[in-house]
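See structure below.
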Amino acid sequence: MNTKVMIAGVELKNPVMTASGTFGSGMEYSEFVDLNRLGAVVTKGVANVPWAGNPTPRVAETYGGMLNAIGLQNPGIDVFLDRDVPFLQKYDTKIIVNVCGKTVEDYLEVVEKLGDAPVDMLEINVSCPNVKEGAIAFGQKADCLFDITSKIRAKAKQPVIMKLSPNVTDIAEMARAAQAGGADAVSLINTITGMKIDIHRRTFALKNKTGGLSGPAIKPVAVRMVYQASQAVKIPVIGMGGIASAEDAIEFILAGASAVAVGAMNFVNPYLTEEVVSGIEAYMKQYQVENLTDLIGAVRE
Amino acid sequence: MNTKVMIAGVELKNPVMTASGTFGSGMEYSEFVDLNRLGAVVTKGVANVPWAGNPTPRVAETYGGMLNAIGLQNPGIDVFLDRDVPFLQKYDTKIIVNVCGKTVEDYLEVVEKLGDAPVDMLEINVSCPNVKEGAIAFGQKADCLFDITSKIRAKAKQPVIMKLSPNVTDIAEMARAAQAGGADAVSLINTITGMKIDIHRRTFALKNKTGGLSGPAIKPVAVRMVYQASQAVKIPVIGMGGIASAEDAIEFILAGASAVAVGAMNFVNPYLTEEVVSGIEAYMKQYQVENLTDLIGAVRE
Amino acid sequence: MSRKAKVTGRVLSQRAMAENIFDLKIRTDLADEAGAGQFVGVYPKDKSTLLPRPISICEVNREEKSLRLVYRIAGKGTKEFSSYQEGDEVEILGVLGNGYDLTRAAGKRTVLLGGGIGIPPMLETARELHEQGEKVTVILGYRDAQLFLKDEFEAYADVLVATEDGSVGTKGNVLDAMREHQVEAEVIMACGPMPMLRAIKAYAEEKNCDAYISLEERMACGVGACLGCVCKTTKKDAHSHVNNARICTDGPVFDAREVEI
Amino acid sequence: MSRKAKVTGRVLSQRAMAENIFDLKIRTDLADEAGAGQFVGVYPKDKSTLLPRPISICEVNREEKSLRLVYRIAGKGTKEFSSYQEGDEVEILGVLGNGYDLTRAAGKRTVLLGGGIGIPPMLETARELHEQGEKVTVILGYRDAQLFLKDEFEAYADVLVATEDGSVGTKGNVLDAMREHQVEAEVIMACGPMPMLRAIKAYAEEKNCDAYISLEERMACGVGACLGCVCKTTKKDAHSHVNNARICTDGPVFDAREVEI
Ligand SMILES: Cc1cc2nc3c(=O)[nH]c(=O)nc-3n(C[C@H](O)[C@H](O)[C@H](O)COP(=O)(O)OP(=O)(O)OC[C@H]3O[C@@H](n4cnc5c(N)ncnc54)[C@H](O)[C@@H]3O)c2cc1C
Ligand SMILES: Cc1cc2nc3c(=O)[nH]c(=O)nc-3n(C[C@H](O)[C@H](O)[C@H](O)COP(=O)(O)OP(=O)(O)OC[C@H]3O[C@@H](n4cnc5c(N)ncnc54)[C@H](O)[C@@H]3O)c2cc1C
Ligand SMILES: Cc1cc2nc3c(=O)[nH]c(=O)nc-3n(C[C@H](O)[C@H](O)[C@H](O)COP(=O)(O)O)c2cc1C
Ligand SMILES: Cc1cc2nc3c(=O)[nH]c(=O)nc-3n(C[C@H](O)[C@H](O)[C@H](O)COP(=O)(O)O)c2cc1C
Ligand code: FES
Ligand code: FES
């Protein structure tokens, strides 16, 4: 049985990754799971300089999901390179650094600083709904997405994954724009913009008013978008959104994902990433699937 | 205590309506609830001719929600006028007819035939994700939406509610386009396109592959869009998406909805519409709210 | 049609009958109006699942005010049901659908066919026909030698058995048993998997006998409002006029001639 | 810091203590490493709610391997917890956070201040300080005469009471009681609502004494990964270097001087 997958020339031992922002830089959850078991660890978004993020409350629970408006708090690329990359290097897993910024220049600065770092891939977050400064346009307009993708692709030393926003009319168009801009892969979905109101206080549950919805509630939307994106492009698609079990992960793979990421459900089950790895293995055994790659996009009518 | 709300010149005794397609034409649920208690009954979408709808399976359950791809099966406007309108006229509630079509002409034909019928408002469904023939563009492109809205507005004898699709990048832009086209109100959200895959059969759970997601899972997205739409336009906004209790309904009202509709949760609790009416009354009593209208858009930062 | 309600029932008893097959008795006023071939919607308590699970009525006890449901674990909902114990509350929507029209059997050679988890509703059907003094033959199709409910049928009818693995009775399905034993029917009432129902429809057309079959489809509302559960009909359906009847309200029992399956 | 795990505990006992306030004892190995001021995340079983509910540790019993939690019904999760009975299973994430550093109290005049549902964690604090031979004063602030846990504090410390409605002790809050009884403190350890903590921070700055306060914020992960639960700090935080410490891992107990509240 072979669970290996290849994404843009990088071989992952299995298709299970962590979703950016839900797993820190691996340190916190390394108390619960063996990072060596994971295909890749995707870090929290990192910018060129430290970001303080949004005021609290930053999180709120919803039916089968949660809203977050962290606002990309992060220590900046310098601290990140000094502390988080060396930590992750101790493990036999791939390192994918999630990059955020407010301007194209911000992104390019981070990408350049990562050029010589021992990281395997870059995931470019152009889809965070919680940052006011406008970076979200990169993720919601196909021409902006094409533009930033090509600029990053030109600078980046590692394969580039563009992380797509679900808050768009046509996800296939966005995936095609990323591919046209030279992206080596796309990942999706980021959170869906949502809101919660406390009817007793008559205030927003999040100080930021809106937040990004994640968790099992959004899985059907995520599976649909992964399917549509993978039908639209030739580059690999990394699927995520509400994965709570190996079954969910397999659903994404059948829909067309070459790899999957576990996000908010880490908070519910801190052992989940490893359980998804074993669960996929068990499924492959049960149905005598030789190579995981045989499952990618294997849904039939 | 006054629960009345006024939508485009039509006074509803309270803001609670049924969401189109989840309540038939009222007949089925009249065994469970007293239709006289409801602000309005919104019917299943009706076209100029009978539609057979999609092949089965048409429904699938998801975490905290469901997918449907009914495909707007309906008996056509003639049977509808003969049978369903007279049934609803027996009740002291407003009648809102949901209209669907494949071309502008289809819509106009239905709207014309309804011109002399004793119905209070028309809700124009330009947002059904389950019909292949293209009507969805009306709901996903601002200029198409503007265009169809103005044509319908010119023909319609009753106030026109445009029902918006959540599958768009910018809901505010769509609401503005509807307003500019002359809509008397907008209602949202219709279902969010989703997909489910049966990992054991490796097939789509719905024969139509994709379906519309509804239920509590989508509520945060719906509340956000209702908020954004009501900030963007002056016409009334009717809010729906996952309402499962009076508390949920109040959340929509605080976000800016002048009325609300109960959809998929009727299937879970067939008494829900009436319970939402009483629950809103209880809330108003608890917080000494004189007029329901004082709650509309009353969320503070 | 019986008036519908969502009610809270109480579990009177539950036991495992065969591998993954459970026998659940629920006290509920819905028993007052329930009949053979109708069903109820049972709501799981797990809040991640919202929709009622359609389960046929296996037996009605009006004195005790109870319904008996026999079901197979198929997924999350039925798995949860199997954990219920005496005294537990259970939310049910019912009584749903149109059952078998038993007057059709009057004075006719009637054969009841039940396959797999389609067997349970035939028990109430056999019981009611027996009460009405009809003499019927019952043919039950099982996967293997786990002949759940068979003994109980014997109180009401002659019973023949078919098993897929040939361990008991005829090897094959209910129609194989029918042929083997040269059972003649003027009226067939049946419930079971789709291939069995298709074969019965063909058989009835060939033999020109009446066949009433109970269909299954994914449901949301269970009461005819959502149009989720349709089946193709040969004639215009009364509701939508598009040859698409609602299984939950126009069925689940249909005249085999009137549906395209 | 203690090693963290998500474990299945078992309810040893539960009882109502005051209006909407419950006393829940859970058997779990997490007791081995738990200390005063730390907390656990308790997961509701209701699948519509996903996140763990942070609840402070009110008492640790290492022999019995149990944790005692005292909580107020605030919403869905705590409402569900209040229905648990002896023998029920409960999923807990723990032990979380950094508690009170009890060495700070050594040989000092230490005052523990607990307000409302901030009282429970002070009990384990009082007990551990008592075990270490420290003599401390405890001041408890209640809404009314429902003085939950007060008797138990008396085994470990001198106890003063303030009530909002003036029905028992000083009318007002814990600081009012402190002033009324002219209690002097070199070290304060406190838990309670934000206005009380703000007042304590101001008081400690004025009197130039040490104050360690336990903060609350909405949490998602509970383990420092999501950055949901931050509070503003006066110094650069070690994690993000943006003056935003994580309450779940850097706290919940902070030196009052080091946070901006
Ligand atoms: C009219 C009717 C009568 C039935 N009578 C019985 C009976 O007496 N005994 C019995 O064991 N089963 C019966 N079934 C099938 C039973 O409804 C399903 O096995 C059950 O819904 C599965 O639910 P689950 O949560 O365990 O499975 P899941 O797969 O987790 O269910 C997911 C969703 O799919 C639906 N679903 C899954 N399988 C079916 C199915 N075969 N038919 C309809 N919906 C399905 C569920 O209701 C639920 O909404 C009947 C079905 C119908 C339509
Ligand atoms: C470190 C810490 C220790 C705590 N210790 C105790 C204690 O010992 N006893 C006690 O009664 N309460 C304590 N609380 C508060 C307790 O966490 C909340 O009352 C509880 O989470 C409410 O959950 P719910 O499902 O009942 O309410 P809901 O309002 O339904 O909860 C919805 C969401 O909001 C969160 N939430 C709601 N209120 C709070 C709050 N005040 N603080 C943090 N999250 C909240 C919930 O965890 C959940 O994610 C503590 C909070 C923190 C942060
Ligand atoms: C608390 C939180 C923080 C997140 N931070 C980031 C981030 O920094 N960068 C990013 O690209 N996505 C971020 N995301 C989005 C997730 O990586 C993921 O795309 C999304 O949550 C959907 O997956 P899930 O439903 O499994 O959580 C964050 C999500 C959560 C819940
Ligand atoms: C089974 C089903 C059928 C529907 N049919 C229609 C329809 O005919 N016309 C329409 O405008 N919306 C239709 N909708 C959308 C609902 O009216 C509503 O906008 C949506 O389901 C969100 O609300 P909810 O989450 O409360 O169900 C349908 C929804 C469901 C679940
Ligand atoms: S299940 Fe809704 S119409 Fe049958
Ligand atoms: S709750 Fe996630 S960092 Fe504290």
If the requirement is being crowded, with 21+ Cβ neighbours inside 10 Å, touching a residue at least 40 places away in the same chain (Cβ under 8 Å), outside the structural domain of residue C:50 (by TED's automatic domain parsing) and not in a strand (DSSP E or B), which of these qualifies: C:204, C:177, C:190, C:225? C:204
Residue D:50 vs. criteria under 28 Å from residue A:29 (Cβ atoms), within 14 Å of chain C (Cβ to nearest Cβ), open to solvent by 10 Å² or more (accessible area, probe 1.4 Å) and hydrophobic (A, V, I, L, M, F, W, C): yes
Can you tell me which residues in the range C:228-260 are within 20 Å of residue C:104 (Cβ to Cβ), open to solvent by 20 Å² or more (accessible area, probe 1.4 Å) and of a type outside the set (A, V, I, L, M)? C:234, C:235, C:250, C:255, C:257, C:258
Would you check which residues across the range C:209-222 are at the interface with chain B (Cβ under 7 Å from one of its Cβ atoms) and either surrounded by fewer than 23 Cβ atoms within 10 Å (Cβ to Cβ) or more than 21 Å from residue B:196 (Cβ to Cβ) (or both) and list them? C:217, C:218
Considering only the range B:1-33, state which residues are in contact with a strand residue (DSSP E or B) (Cβ under 6 Å, 6 or more places away or on another chain), polar (S, T, N, Q) and at the interface with chain C (Cβ under 10 Å from one of its Cβ atoms). B:18
Could you tell me which of the residues C:21, C:117 is under 13 Å from the mean Cα position of the chain (by Cα), more than 24 Å from residue C:227 (Cα to Cα) and among the β-branched types (Val, Ile, Thr)? C:117
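Going through the range B:149-176 one residue at a time, which ones are in a helix (DSSP H, G or I), within 14 Å of chain A (Cβ to nearest Cβ) and open to solvent by less than 10 Å² (accessible area, probe 1.4 Å)?
Correct list: B:171, B:174.
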Is there a residue in the range B:68-82 that is touching a Cys at 6+ places or on another chain (Cβ under 8 Å) and without any contact (Cβ under 8 Å) to a residue 40 or more places away in the chain? yes
Which one of these does residue A:137 not meet: (1) crowded, with 18+ Cβ neighbours inside 10 Å; (2) farther than 18 Å from residue A:214 by Cα; (3) within 14 Å of chain B (Cβ to nearest Cβ)? (1)
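Each row is one residue, and each column tells you yes or no for (1) under 24 Å from residue D:150 (Cα atoms); (2) within 16 Å of ligand 5 (Cβ to nearest atom); (3) without any contact (Cβ under 8 Å) to a residue 12 or more places away in the chain; (4) crowded, with 24+ Cβ neighbours inside 10 Å.
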site: D:77; (1), (2), (3), (4): no, no, no, no
site: D:85; (1), (2), (3), (4): no, no, no, no
site: D:89; (1), (2), (3), (4): no, no, no, no
site: D:98; (1), (2), (3), (4): no, no, no, no
site: D:103; (1), (2), (3), (4): no, no, yes, no
site: D:109; (1), (2), (3), (4): yes, no, no, no
site: D:123; (1), (2), (3), (4): yes, no, no, yes
site: D:128; (1), (2), (3), (4): yes, no, no, no
site: D:134; (1), (2), (3), (4): yes, no, no, no
Restricted to the range C:56-67 and to residues being open to solvent by 20 Å² or more (accessible area, probe 1.4 Å) and closer than 24 Å to residue B:270 by Cα, the residue farthest from ligand 1 (Cβ to nearest atom) is C:65
Residue ranges of strands (runs of 3 or more DSSP E) in the range A:1-103 with at least 1 members within 16 Å of ligand 4 (Cβ to nearest atom) and β-branched (Val, Ile, Thr): A:59-62
Can you name the residue in the range B:34-59 that is among the hydrophobic types (A, V, I, L, M, F, W, C) and within 19 Å of the chain's Cα centre (by Cα) and is also farthest from the other protein chains (Cβ to nearest Cβ) among such residues? B:40
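Rundown of residues vs (1) within 14 Å of another protein chain (Cβ to nearest Cβ); (2) over 16 Å from the mean Cα position of the chain (by Cα), yes/no style:
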residue: B:76; (1), (2): yes, yes
residue: B:105; (1), (2): no, yes
residue: B:109; (1), (2): no, yes
residue: B:123; (1), (2): no, no
residue: B:147; (1), (2): no, yes
With criteria (1) part of a loop (DSSP other than H, G, I, E, B); (2) touching a helix residue (DSSP H, G or I) at 6+ places or on another chain (Cβ under 6 Å), residue B:113 comes up short on (1)
For the condition touching a Ser or Thr at 6+ places or on another chain (Cβ under 8 Å) and either more than 16 Å from ligand 2 (Cβ to nearest atom) or among the acidic types (Asp, Glu) (or both), what is the one hit in A:276, A:260? A:276
Any residue that is away from chain C (no Cβ under 14 Å) and aromatic (Phe, Trp, Tyr) - is there at least one of those in the range B:248-259? yes
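For every residue, the table says whether it meets (1) under 19 Å from residue B:139 (Cα atoms); (2) surrounded by 24 or more Cβ atoms within 10 Å (Cβ to Cβ).
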position: B:70; (1), (2): yes, yes
position: B:73; (1), (2): no, yes
position: B:76; (1), (2): no, no
position: B:87; (1), (2): no, no
position: B:96; (1), (2): no, yes
position: B:100; (1), (2): yes, yes
Scan of the range D:55-75 for residues that are touching a residue at least 40 places away in the same chain (Cβ under 8 Å), more than 30 Å from residue A:242 (Cβ to Cβ) and assigned to a loop (DSSP other than H, G, I, E, B), ordered by number: D:57, D:58, D:64
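The values are calculated or read from the model by the stated rules, or taken from the named source; none is laboratory data. Everything numeric in this text was worked out from a predicted model, so none of it was measured. Note: ideal-geometry Cβ built from the backbone for every residue, glycine included; neighbour counts use all protein chains shown. Heavy atoms of the whole protein, side chains included, go into the accessibility calculation; ligands, DNA and RNA do not. Shrake-Rupley method; radii C 1.70, N 1.55, O 1.52, S 1.80 Å.
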